[in-house]
Amino acid sequence: MTPPARPKMVAVTLLAVYPLSLLFPLVVVPALTYAFNPGLSRVMRRWLYPAQRTDRQDAAA
């Protein structure tokens with residue numbers, strides 16, 4: 001049995017990949033928004049929201 005022609009294999013590959021590329025953002029964006037970013041924001045809060053310096057701290061520095 002001979003392998004299929006390359007253009008046919010390209011078409012089959014595109015038919016497999018294109019629907020996945022459409023579904024990928026529908027899964028990843030909500031997962032990042034509601035699952036990963038809240039926890040990561042809590043872990044990185046000191047970096048995201050550095051402490052504000054007061055006038056007394058500025059004078060002592």
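Do the sum for the chain: with -39,500 (n - 2.57) for every DSSP H run of n ≥ 4, divided by all residues, what is the mean residue ellipticity at 222 nm, to the nearest 500 deg cm²/dmol?
Details: 4 runs with 43 residues, N = 61.
Dividing the helical sum by the residues of the chain leaves -21000 deg cm²/dmol.
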Where nothing but the Cβ of Lys and Arg (+1) and of Asp and Glu (-1) is charged, how large is the charge dipole of the chain around its Cα centre, in debye to the nearest 20? 120
Quick one: 3J(HN,Hα) in Hz for the stretch 7-16, Karplus 6.51/-1.76/1.60 with θ = phi - 60°, rounded, Gly and Pro as x. x, 5, 5, 4, 4, 5, 5, 5, 5, 7
Accessible area of the chain belonging to carbon and sulfur atoms, whole % at 1.4 Å probe: 70
Can you pull the percent of Cα pairs in the chain with separation above 20 Å? 64
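Counting heavy atoms of the protein chains only and a 1.4 Å probe, report the per residue accessible area for the stretch 1-55 as a whole number of Å². Intermediate results must be reported in sequence, preceding the final value.
Numbers: 5610 Å² over 55 residues.
I get 102 Å² per residue for this part.
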Each residue of the stretch 22-29 in order: what ³J(HN,Hα) in whole Hz does its phi give by Karplus 6.51 cos²θ - 1.76 cosθ + 1.60, θ = phi - 60°, with x for Gly and Pro? 6, 7, 4, x, 5, 9, 6, 4
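The values are calculated or read from the model by the stated rules, or taken from the named source; none is laboratory data. Keep in mind the model is a prediction, meaning the values are calculated, not measured. Glycine gets a Cβ as well: all are built from the backbone with ideal geometry, and neighbour counts include every protein chain shown. Areas reflect the complete protein model, heavy atoms only, side chains present, ligands, DNA and RNA absent. Shrake-Rupley method; radii C 1.70, N 1.55, O 1.52, S 1.80 Å.
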